[in-house]
Structures are given as C-alpha cells and as structure tokens.
1. When the C-alpha atoms of the range 168-275 are aligned to their principal axes, what extent does each axis show, in angstrom, from largest down?
2. What percent do you get for the relative contact order of the range 19-258 when only Cα pairs under 8 Å and 6+ apart count?
3. Check the straight Cα-Cα distances from Lys139 and name the aspartates and glutamates below 14 Å, setting aside those fewer than 8 residues away within the same chain.
4. Hey, any idea what Rg/Rh is for the range 84-234, computing Rh the Kirkwood way over Cα pairs?
5. Run a plain Debye calculation on the range 123-168 (Cα atoms as equal point scatterers, no solvent) and give log10 I(q)/I(0) at q = 0.13, 0.29, 0.32 Å⁻¹, rounded to two decimals, same order as the q list.
6. Could you give the angle, 0 to 90 degrees to the nearest 10, between helix 22-31's Cα long axis and the longest principal axis of the Cα atoms of the chain?
7. Once the Cα atoms of helix 3-17 and of the chain are each reduced to a long axis, what angle between those two axes, in degrees from 0 to 90 to the nearest 10, is obtained?
8. On full extension of the chain, what length is gained from Asp231 through Thr33, given 0.36 nm per residue of separation minus the C-alpha to C-alpha distance?
Amino acid sequence: MHSVDILAATSRQVVLQTPETQSEIFEYVFDDTLLALSFVTNIALAGLTILFIVAMGRGVTDPRANLILVATMLISIVSISSYTALTSGLTISFIEMPAGHPRAGEAVLTMWGRYLTWTFSTPFILIVLGLIAGSNLTKIMTTCAFTIAMCVTGLAAALTTSSVFMRWWWFVISSTFFLVIVYIIMVDWTAEAETTGTADLFNTLKLLTVIGWFGYPILWGLGVEGIAVLDVAITSWGYSVLDIVTKYIVTGLVVLYVVKEPESITAGTNYGSTRKAVVAPSDD
Ligand code: RET
C-alpha cells in the first residue's frame, strides 16, 4: 500500500476510535444499544411522568398544592431535555484521562451533560421535599444552593484532566456539599414533617432520596470517571436507574398524595399572593 493510503487508513481508524464531532458521537451512542437505551428509556419515562402530572393535577385548586405539582413537573422537564442532549451527542465528549488514572492517556466517553443538568433538576426535587416537610424558605434555599454547588463541582471533577489528584479533590468538595443536604433532610426536615403531619410520605421519600442520591457518587467512583471498574454503558444505566427512583418514583408518590389536597400541604387561596387583598376568584 502507498504510504499516503496507509496514513489515511490509520487516521480513519483514529477517528473511529475517538469520535470527535457531534455526529460521530451520535453514531457512537447508537452503535452501543445498551448505552442508547439508557438515554431513550429516560426520555420516554420523563414524557410519561409529565403527562401523568397534567392528568392527575387537573382539578387541583390550592395554590400551594399546585406549586408542589409544578415543581415535580419541572424535574421531568429538565430530565427530558437532559437526556435529549445526551442522545444527540451535544453533552458528551471524549476526554483524555491524566496520568495515574486507570485509563490514562485514553480518550474516555464522558457524559458531562448529566452533571450539568443535575444542577437544574436537583433543586426542584429539594423544593418538593422541603414543601412536603413544611420547611421554611431559608432551609429550602440552602439545600438548593448546596445542590447547585455539588453538581457544578461534580462537573469540574469529571472535566479536570490536569491530574488525578485534582479530579478527586473536586470529588471531595462536591461530597462535602452533598453531606450538608443529607443533614438537612435527615435532621431538620424529618422533624418538621412530623409536626406538619406528612411524616408517613416524607419518610418514604427520604429513604428513596437519601439512599438513591448516595448511589450517584458511588457510581462516579466506580465508573470511568473514577477507578474505572465499570464500563460506560453500565455506568450510564446505573445513573438512569437511579434517576428513575429519585425522580419518577418520587414524583409518582408525591402527585398521588398532593392531588387529594390534604390539609397538611394546602395553604388556602391567599398563598403566594403578591398583594394583600388579592385572592383567587371564587366559582360563584
Ligand atoms: C457527584 C460526583 C462528585 C461527588 C458527589 C456527586 C453526587 C451527585 C448526586 C447527584 C444526584 C442527582 C440526581 C439527579 C436527578 O435528576 C456529582 C456524582 C457527591 C447526589 C438526584
């Protein structure tokens, strides 16, 4: 073979090994059926969850109950966008791992869009939990700020290529923020839910959330971002299954409770009004 042909063949192989353009990444995702299914399943589930909330929430009149329903819907709205971005290859990159990483020097598929979009979805999960517990604005805002910090530093951990130490240092920072959230859920909100009268539902949501959320850093550590004992498709399915528990199952339980508009979560027509005398118009 002519040396130019050999060169062309070799470079084609390199392109095949490390997809770079968005369309190459798109093709790569669909060549791996398991990986593609981990995305597409979640698009379908997020869509169904949105329809479920709309169908179930039609007759709800209390503004606080509606606020909880809108917040649950936003979790799935972010999710459908997040998984669409992953499927299209927009938020996936092949990133070269630094020396000391088990796959050092290799370009590894990184679903960085996951960490980015959790920044927008997890605050809504916490708003829902905080409202169900009957907590105050300060604590709800605190958990939202810490989850944003956790996700952004998690994104930094995944994208850092200068040194393995720095990747794990970001991981430690992110985990510290995570523990603040766990503390507020386990201590403050658990006690508040008791007083509010929502303890039954809250305790179930708490278990699903706290146990489910711990799964994410564990997967990060075991997957290609961390010590790389799990391959990309398995890691991706791991995250997708955790998403099913922490988003759609949590949403389902919340919606079934909230649509009955029990006194423990309602607040009357004046709730959230920005003017003193404005109340919702009555039906008569
Ligand atoms: C990372 C890695 C760095 C350390 C920690 C993490 C935690 C992530 C969590 C994500 C939860 C996501 C959810 C998404 C639903 O849409 C970023 C993996 C602590 C807890 C619930």
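The values are calculated or read from the model by the stated rules, or taken from the named source; none is laboratory data. Remember, predicted model here, so these are calculated numbers, not experimental data. Note that each Cβ is placed from the backbone with ideal geometry, even for glycine, and that neighbours are counted across all protein chains shown. Ligands, DNA and RNA are stripped out before the accessible areas are found, and what is left, the full protein with its side chains, is counted by its heavy atoms. Shrake-Rupley method; radii C 1.70, N 1.55, O 1.52, S 1.80 Å.
1. Reported extents, whole Å, longest axis first: 52, 30, 26.
2. Values: 318 pairs, mean separation 53.1, N = 240.
The value is 22 percent.
3. Correct list for Lys139: Asp188, Glu192.
4. 1.04
5. Listed by q, the Debye log ratios stand at -0.41, -0.94, -1.05.
6. 90
7. In the chain, helix 3-17 runs at an angle near 20 degrees to the longest axis.
8. Here the segment from Asp231 to Thr33 would lengthen by 69.9 nm.
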